[in-house]
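The values are calculated or read from the model by the stated rules, or taken from the named source; none is laboratory data. From a predicted model like this one, the values you see are computed outputs, not experimental measurements. Note that we place each Cβ from the backbone using ideal geometry, even for glycine, and neighbour counts take in every protein chain shown.
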C-alpha cells in the first residue's frame, strides 16, 4: 500500500512542546493503522489516500463536538470520515488519484489527563487515538460488543507493532 498523504496541523503549540517527535510519531501510527486496517473486500485494492490530523486544544474539540455531534463537551478524538464503506468500492477516480479518507482531531488537555490517569506517556496515548481515529475513517466502529472487540484487538495489534502496550490493559489476553 502506498504511504498515506498526511496533512498534520498543529493548532495548539503545547503538542509540539510536550512531544517533540509528534509529527514522526503521528506518521508512523497513521501508516501502520492504514496497513493493518485496510481490507481488500471493503476498500478495494491499494491506493494513495489522504488524511488530515489536527492537534488542537479542548475548546476547539468541544466546539466541533457540539456542532457535529450535538455533545457540548470535549472528547479525546473526533473522526470525520469523507468516505462511506460503499464509496470505497465505487472509487471512480482510479488507483492513482488520492482517496480522501477524512480528518482526525485530537484534544490536548483531554488526552494528557487521560494519559496521566492511566499512567502512560501522553505520546503513547496520542498514537493510540490516531490509530483509533483512522480505523473509524476506514469504517470500523465500536457500537456493539462484537465490533468493539474486533476494533480493540486490531488497535492492540497495531500498537504492539509500534512498541506500545495494550491500551485496554489486556496484556495477558491473546490478540486474534
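Can you tell me which of 126, 115 is part of a helix (DSSP H, G or I) and touching a residue at least 60 places away in the same chain (Cβ under 8 Å)? Lay out the reasoning, then the answer.
Values: 115 fails: touching a residue at least 60 places away in the same chain (Cβ under 8 Å).
Every option except 126 fails the conditions.
Can you name every residue in the range 22-53 that is surrounded by fewer than 21 Cβ atoms within 10 Å (Cβ to Cβ) and at pLDDT 95 or above?
Residue satisfying the conditions is 52 alone.
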(request) Take residue 91 and decide whether it is over 24 Å from residue 157 (Cβ atoms), at pLDDT below 85 and surrounded by 14 or more Cβ atoms within 10 Å (Cβ to Cβ). (result) yes
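Would you call residue 129 touching a strand residue (DSSP E or B) at 6+ places or on another chain (Cβ under 7 Å) and within 12 Å of residue 26 (Cα to Cα)?
Working: touching a strand residue (DSSP E or B) at 6+ places or on another chain (Cβ under 7 Å): yes; within 12 Å of residue 26 (Cα to Cα): yes.
It is true that residue 129 is touching a strand residue (DSSP E or B) at 6+ places or on another chain (Cβ under 7 Å) and within 12 Å of residue 26 (Cα to Cα).
Scan the range 135-156 and tell me whether some residue there is touching a strand residue (DSSP E or B) at 6+ places or on another chain (Cβ under 8 Å) and under 21 Å from residue 58 (Cβ atoms). It would help to see each step written out before you state the result.
We begin by selecting, within the range 135-156, every residue touching a strand residue (DSSP E or B) at 6+ places or on another chain (Cβ under 8 Å); these are 136-139.
Then keep just the ones that are under 21 Å from residue 58 (Cβ atoms); that gives 136.
Yes: the range 135-156 contains one or more residues that are touching a strand residue (DSSP E or B) at 6+ places or on another chain (Cβ under 8 Å) and under 21 Å from residue 58 (Cβ atoms).
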(message) If residue 70 meets every condition in (1) surrounded by fewer than 20 Cβ atoms within 10 Å (Cβ to Cβ); (2) modelled with pLDDT of 95 or more; (3) touching a helix residue (DSSP H, G or I) at 6+ places or on another chain (Cβ under 9 Å) apart from one, which number is that one?
(response) (3)
(message) Report every pair of residues separated by at least 6 positions or lying on different chains whose Cβ atoms are under 6 Å apart, first residue within the range 97-111 and in contact (Cβ under 8 Å) with a residue 12 or more places away in the chain, second in a helix (DSSP H, G or I) and surrounded by fewer than 18 Cβ atoms within 10 Å (Cβ to Cβ).
(response) 108/14
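Could you look through the range 155-169, keep only residues that are surrounded by 19 or more Cβ atoms within 10 Å (Cβ to Cβ) and part of a loop (DSSP other than H, G, I, E, B), and pick out the one that is modelled with the highest pLDDT?
Of the range 155-169, the ones surrounded by 19 or more Cβ atoms within 10 Å (Cβ to Cβ) are 155-156, 158-159, 164, 167.
Going one step further and asking which of them are part of a loop (DSSP other than H, G, I, E, B), we end up with 164, 167.
Numbers: 164: 92, 167: 88.
Among them, the one singled out is 164.
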(message) Based on this model, can you work out whether residue 82 counts as under 15 Å from the mean Cα position of the chain (by Cα), at pLDDT 95 or above and either surrounded by 20 or more Cβ atoms within 10 Å (Cβ to Cβ) or under 22 Å from residue 56 (Cβ atoms) (or both)?
(response) no
